[in-house]
Amino acid sequence: MYLPKRRSWELPDSALTPEGHYLQRREFLRTLGLGLAATALLPASLRGASSGFPGSLNPSFKLDGVKLTPLESVTGYNNFYEWGLSKDAPSKLANQGWKTEPWTIEIGGLCEKPAKFEVNDLIKALGGIEQRNYRHRCVEAWSMVVPWDGFPLAKLIALAQPKAEAKFIQFTSFFDPKICEAQRSKNYPWPYTEGLTIAEATNELAFLATGIYGKPLRNQNGAPIRLVAPWKYGFKGAKSLAKIDFVAAQPKTLWNEMAPDEYGFYANVNPEVDHPRWSQANERIIGGGFFAGKKPTLKFNGYEKEVGSLYAGLDLRKNF
Ligand code: MTE
């Protein structure tokens, strides 16, 4: 993400080469050939966020004829400002002692069943995970196609039972300035926050991802749980969620608070509405040697059939 004026915290997006993989404990266990049965023997503290793996591909979200972005690009070219501003920083810095399991997520606000869950228990309570291939389009005009694992957000909403007054959901990422140096600075209004209307959040596409390519999420991708709303710019997909709150009024969101003229609340992918400083008509395809060509951007990122009706009568230029 770029900010309107060059400020002290804004660094150049200098290093674009995908980085190698960082084996985390959970993948390390798999590398050793310890399957689910074997990990079940381990004490809870040593078990990975492996609940539900492997899930199976939901045939409605196969994306026929589309090439998936290679794993090394999905996990090596990231935006996760808590762990640095260059694309290769999160894969390094988010893996230097930051523990994302076990992990507690709190569901609260205007709902009948507020609760705290360890993420593995939440996955179990919701009946496991599925795989979906989604287009992923960043507001910076690059794109990927990512095979996510996780569960529909609507399932969690059904569990929480929002009250009638709840009209929006606020998503709040982790806040741990002891381990995350960037969060000690006041340059950004940490923690990272995002939001959806309840109608958006209950759309079949809204997804809480817990994995990529059939394995638990790596820290740089928002382990152990992050939002994915594929018809919106990627910044809506708050990573490493600590809280999900049902609220009555449109919640504040980090990028909207930082630069309201550039990052709207809706943030629907729209080639007809340019970013004030660059065109949104086309996108750079990330993959292989990082830059795998260019293609025209699709309205709602190609998901108009699924989500277009949510915005009937709304001026998408004003409500960008
Ligand atoms: N969530 C948090 N907490 N912090 C961030 O900096 N960046 C957002 C989003 N979620 C971000 C975040 C942006 S701008 C994008 S494009 C996507 O994460 C990138 O997700 P990816 O790195 O898995 O591709």
Counted charge near PHE61, where neighbours are those whose Cβ lies closer than 14 Å (Asp, Glu -1; Lys, Arg +1): -1
What part of the accessible area of the stretch 245-320, given as a whole %, is carbon or sulfur when the probe is 1.4 angstrom? 54
Between beta-carbons, use under 9 Å as the cut-off and find the net charge around LEU227, counting Lys and Arg +1, Asp and Glu -1. +2
Report the relative contact order of the stretch 108-152, percent, no decimals, based on alpha-carbon pairs under 8 angstrom and at least 6 residues apart. 32
Please tell me the relative contact order of the stretch 94-197 in percent, rounded to the nearest whole number, where contacts are Cα pairs under 8 Å and at least six residues apart. 22
Count the net charge of all other residues whose Cβ sits under 15 Å from the Cβ of ASP315, scoring Lys and Arg as +1 and Asp and Glu as -1. +2
Using a 1.4 angstrom probe and counting only protein chains, how large is the accessible area of GLU257 in Å², to 10? 90
XL table LYS124/LYS178; LYS87/LYS163; LYS124/LYS305; LYS232/LYS294; Cα-Cα > 29 Å flagged, in table order, is LYS124/LYS178; LYS87/LYS163; LYS124/LYS305
Please give the per residue accessible area of the stretch 87-201, computed with a probe of 1.4 Å over protein heavy atoms only, in Å². 39
If you take the C-alpha gyration tensor of the stretch 13-311, multiply each eigenvalue by 5 and take the square root, what semi-axes do you get, largest first, in whole Å? 26, 24, 20
Cα gyration tensor of the stretch 183-265 - equivalent ellipsoid semi-axes, whole Å, descending: 21, 18, 12
Return the carbon/sulfur percentage of the accessible area of the stretch 101-215, one whole number, probe 1.4 Å, all protein chains in place. 53
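The values are calculated or read from the model by the stated rules, or taken from the named source; none is laboratory data. Computed from a predicted model, the values in this text were never measured in an experiment. Positions of Cβ are generated from backbone atoms using ideal geometry, with glycine treated the same way; all protein chains shown enter the neighbour counts. In case anyone asks, the SASA skips ligands and DNA or RNA and just uses the protein heavy atoms, side chains included. Shrake-Rupley method; radii C 1.70, N 1.55, O 1.52, S 1.80 Å.
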